[in-house]
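Here is the structure we will look at.
Readers should treat all values here as calculations from the given coordinates under stated rules, not as data from a laboratory. Predicted model only: the values in this text are computed from it and were never measured. Methodologically, a virtual Cβ is constructed for each residue, glycine included, from the backbone with ideal geometry; neighbour enumeration extends over all protein chains shown.
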Amino acid sequence: MDLSSNLTSMRFLLLHPLPRDILSIFEKECGYYLHEKTEGQFSFKRSMHDTRYPRFHLYVKMGADGTELDLHLDQQHPHKIGNHEKEWAYRGPHVAQELARVGAIVDKLRNSPTPPAQKPKKSLLKILLS
């Protein structure tokens, strides 16, 4: 996995360009849902279980040096008893495993051959009129 980590922050950098568009990778392949999009940054979430919490919260930002991933764990709703000040929310084993899983999916997509482009299908009306 081409992952670079700075131990003084919660941000991680994928060094190579993404093999597909952001939504395709993180929603379809990694199982996240888009929470919000701001200028230059996507926010995704993914529940760890069938319940709403705990969940992973992933920020994805494209940059000149690569794609920055900012991943942490939300134990509970931040308006109740949040955990953003806790180091385990950023560097715990669950976060490390999830980051490795996401990185492995991105690597697999990068190394898989690009599927051939499919010809657009004709509608039944066009077939009948031709």
Just to be sure I understand the model, the point goes 7 Å from the Cα along the line to the Cβ. What's the resulting Lys108 to Met62 distance in nm?
2.4
A chain fully extended from Met48 to Leu23 at 0.36 nm per residue, minus the present Cα-Cα distance, gains in nm 7.1 nm
DSSP loop GluC sites (Glu not before Pro) in the range 18-51 with at most 14 other Cβ atoms within 10 Å of their Cβ, which ones?
Glu39
What net charge do the residues around Gln97 carry, taking every other residue with its C-beta under 15 Å from that of Gln97, with Lys and Arg at +1 and Asp and Glu at -1?
+3
